[in-house]
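Working notes, beginning with the structure itself.
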Amino acid sequence: MPAQKKYANIHEAVNAGDVVALETMVKAGASINEVNERDKFTPLHCACNVGALECLHWLLWHGADTTVTTPKGWTPAHIAAIRGQDACLQGLANNNVNLSAKDHRGSTPGHLAAAHGNSFTLNTILRSGTGFLNQQGLKDINTTDKNGWTPVHAACYHGRLGCLQLLNKWGASIDECDNIGNTPAHNAAAEGHLPCLKFLVSTGISPTHMLGARNDQGETPKDLAQQFYKDAIIEYINGIEWERDHPEQAENLAFPAHVAAFNGDLDHLRMLVENGVVNINERDDKGSTPAHKAAGQGHVHVLQWLIEMGANMSITNQSGETPRDVARRFSKLACVKLLGRDPLLRGEQEEAEDLGYPAHLAAFSGDLEHLASLIEKGVSNINEQDEKGSTAAHKAAAQGHAHILKWLLEKNADMSLRNTQGRTPLDVARRYGNKTCVKILGGNPDDLQHLEEWSDEEAGGTEGNTDGASISVSDKQKKESRGRARRKVEDLERLLEIAKKNYTQLGGSLPEDRKRLQTIKDKDKTINELEAQLDYERLRREKLEAQLDQYRRDMADLSYRLQAKLGDDSDSESDAGYGHQSRQSTKQRVVKKRSGVKKRSQDEGGVFIKRNVSKEKRGTRYQKVV
């Protein structure tokens, strides 16, 4: 058991990753900021040097000084950047440690990460937002050291192509001058780093602008290459100068297959090859095949067809580059994956760039456009798992790229896949505290630290580092580390609850109490507003019902009048018929009486008609309408 080992000092316990022994020694009186004699390292430096993440957390929690420097001015952040301990650097960033501190040469951790080729560590520094600050405290990725070097200068001087591409993607300038006028191209040419120089030339304003720059001594990159006998650089620059001086021959039309591959014109290329006009492995005057041209421009469909037709992908051009080397130089990761990993290329740079999984790298970097291109073209599977079992969703969840996760969900990516540590993308998002991602994946962002979701039996443990190697930890030690972390959380929550009660008892008001009271006030206000609205609607309803009753009475009155009118018209017609008959009989009587004696009547000249008119009943004359 590590706890039973005896260590000479606290530094040895940290180097072994034994947090129990570390705690015991500190309780026994050992200084948490003790400096060793050999390297002048504090325990925090040692933790960053070997990647002892749990010891790092314990030291930071107990107030270890993060500003102590070595004789070279290196803070723990500098050590983590040099060693590629991106997990430790992330732990420092989570504790608001200054990642822009400069050593005695003026180098920040970002400069050192770029110089040592630790791409993922550099990406962690860039994402922290505090890794590159100028004298005014503003974010500046082009911050310089005492030599006037930016991180791009450092990457080009040491030939770190992956770091150079990452810095360029984050907006770093590739033509800044140092204190003696050297640009990154001067550094790459002087040290013979041809891939970096080619990337600068292809990314810059123009080859003439990049290669024609002169330093304070009037030297161009070619002059420095000649001074330090960098033949590959000289040959490359000579070729570019020849193309500049002979523009009419820059694009040699004698090689139509190369032109078609360069332009991505697969139909034309297929016609040329299938009709026997050109050979599929034909080389131009620079030794390049159509595969070189397609790889340099990122035409995956052309490369796929060439591979299916049996094109030789091991042919090198005059610069000694295969099609894969060309694709790698121009950062065409889809083509790199299609052409396969280079078995002769080993080391931290290949591992850091992780070119075997371009979709994972695109998701990790938040590059949705590139990720969509890889998935839609069939270069990468949306649920592809790397050697650690992680999918693109795991990478996006860890880095908090919510837009990537939304797109993956729209494309029906499987979010139930687990990595080798047994974690789903939701688990990864919870682990890194990315609330937006947790919500998108269907979790509760307000309950990230719920202890019921934690289990000592859960697979996994302390995440290792992508760039550098950390100390090996067994599964049993991982389980013990999780148990200690959980007990720490439980103890702190219990103490926090007691402290809150004590504060409240002394008359204090906690933020959550104020928030709760404000919530109650807001709810009461809402209730009052709704009640007032309800009263208004009730009065409005009563008014409308009264109007409706009035309209019904009016309708009943009109109906009664209409019926009465119809009755009067019927009686008039009957009276008219009866009056005509009376007049006829009267005429007859008059004729008969002319011969007799006339008798005058009081009703002479008129006819009395008795009408049957019903008398209204007392009370209202309106009918009740139900």
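The values are calculated or read from the model by the stated rules, or taken from the named source; none is laboratory data. Predicted, not measured: the structure shown is a model, and the values here were computed from it. Every residue, glycine as well, gets a Cβ built from its backbone with ideal geometry; the counts of neighbours run over all protein chains shown.
Annotations for the structure displayed:
- Scanning segment 120-137 for residues that are at pLDDT below 80 and surrounded by fewer than 14 Cβ atoms within 10 Å (Cβ to Cβ) gives N134, Q135, Q136, G137.
Yes/no matrix, rows are residues, columns are (1) without any contact (Cβ under 8 Å) to a residue 24 or more places away in the chain; (2) under 37 Å from the mean Cα position of the chain (by Cα); (3) more than 30 Å from K222 (Cβ to Cβ):
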{"residue": "A232", "(1), (2), (3)": "no, no, no"}
{"residue": "Y236", "(1), (2), (3)": "no, no, no"}
{"residue": "I280", "(1), (2), (3)": "no, no, yes"}
{"residue": "K286", "(1), (2), (3)": "no, no, no"}
{"residue": "G296", "(1), (2), (3)": "no, yes, no"}
{"residue": "E308", "(1), (2), (3)": "yes, yes, yes"}
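- Hey, S390 of a type outside the set (D, E, K, R) and either more than 30 Å from S314 (Cα to Cα) or at pLDDT 90 or above (or both) or not: yes
- One residue stands out among those in segment 62-87 that are of a type in the set (A, V, I, L, M, F, W, C) and touching a residue at least 40 places away in the same chain (Cβ under 8 Å): the one that is nearest to L122 (Cα to Cα), which is A81.
- Test: residue in segment 231-247 that is farther than 26 Å from A295 by Cα, buried (at least 17 other Cβ atoms within 10 Å of the Cβ) and either at pLDDT below 90 or not basic (K, R) (or both): no
- Per this entry, R486 is counted among residues that are on the phi < 0 side of the Ramachandran plot, surrounded by 13 or more Cβ atoms within 10 Å (Cβ to Cβ) and not assigned by TED's automatic domain parsing to the domain that holds Q421.
- None of A190, A155 is surrounded by 24 or more Cβ atoms within 10 Å (Cβ to Cβ) and not assigned by TED's automatic domain parsing to the domain that holds G366 except A155.
- Counting residues in segment 72-86 that are of a type in the set (D, E, K, R) and over 29 Å from P184 (Cβ atoms) gives zero.
- Of all residues in segment 16-54 being in contact with a Cys (Cβ under 8 Å, 6 or more places away or on another chain) and touching a residue at least 40 places away in the same chain (Cβ under 8 Å), the one that is farthest from K478 (Cα to Cα): C48
Rundown of residues vs (1) farther than 30 Å from K501 by Cα; (2) touching a Lys or Arg at 6+ places or on another chain (Cβ under 6 Å); (3) at pLDDT 60 or above, yes/no style:
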{"site": "R516", "(1), (2), (3)": "no, no, yes"}
{"site": "I520", "(1), (2), (3)": "no, no, yes"}
{"site": "D535", "(1), (2), (3)": "yes, no, yes"}
{"site": "L548", "(1), (2), (3)": "yes, no, yes"}
{"site": "Y551", "(1), (2), (3)": "yes, no, yes"}
{"site": "D571", "(1), (2), (3)": "yes, no, yes"}
{"site": "R594", "(1), (2), (3)": "yes, no, no"}
{"site": "R600", "(1), (2), (3)": "yes, no, no"}
{"site": "G606", "(1), (2), (3)": "yes, no, no"}
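- Top-ranked residue in segment 428-452 [being part of a loop (DSSP other than H, G, I, E, B) and at negative phi; ranked as modelled with the lowest pLDDT]: H450
- Count - residues of segment 88-111 that are more than 18 Å from C163 (Cβ to Cβ), touching a helix residue (DSSP H, G or I) at 6+ places or on another chain (Cβ under 6 Å) and touching a residue at least 40 places away in the same chain (Cβ under 8 Å): 2
- Residues of segment 84-102 that turn out to be modelled with pLDDT of 90 or more and closer than 15 Å to A114 by Cα, as a count: 6
This table checks each residue for (1) modelled with pLDDT under 80; (2) closer than 26 Å to A115 by Cβ.
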residue	(1), (2)
D284	no, no
G298	no, no
W305	no, no
E308	no, no
N317	no, no
D325	no, yes
A334	yes, no
A363	no, no
A397	no, no
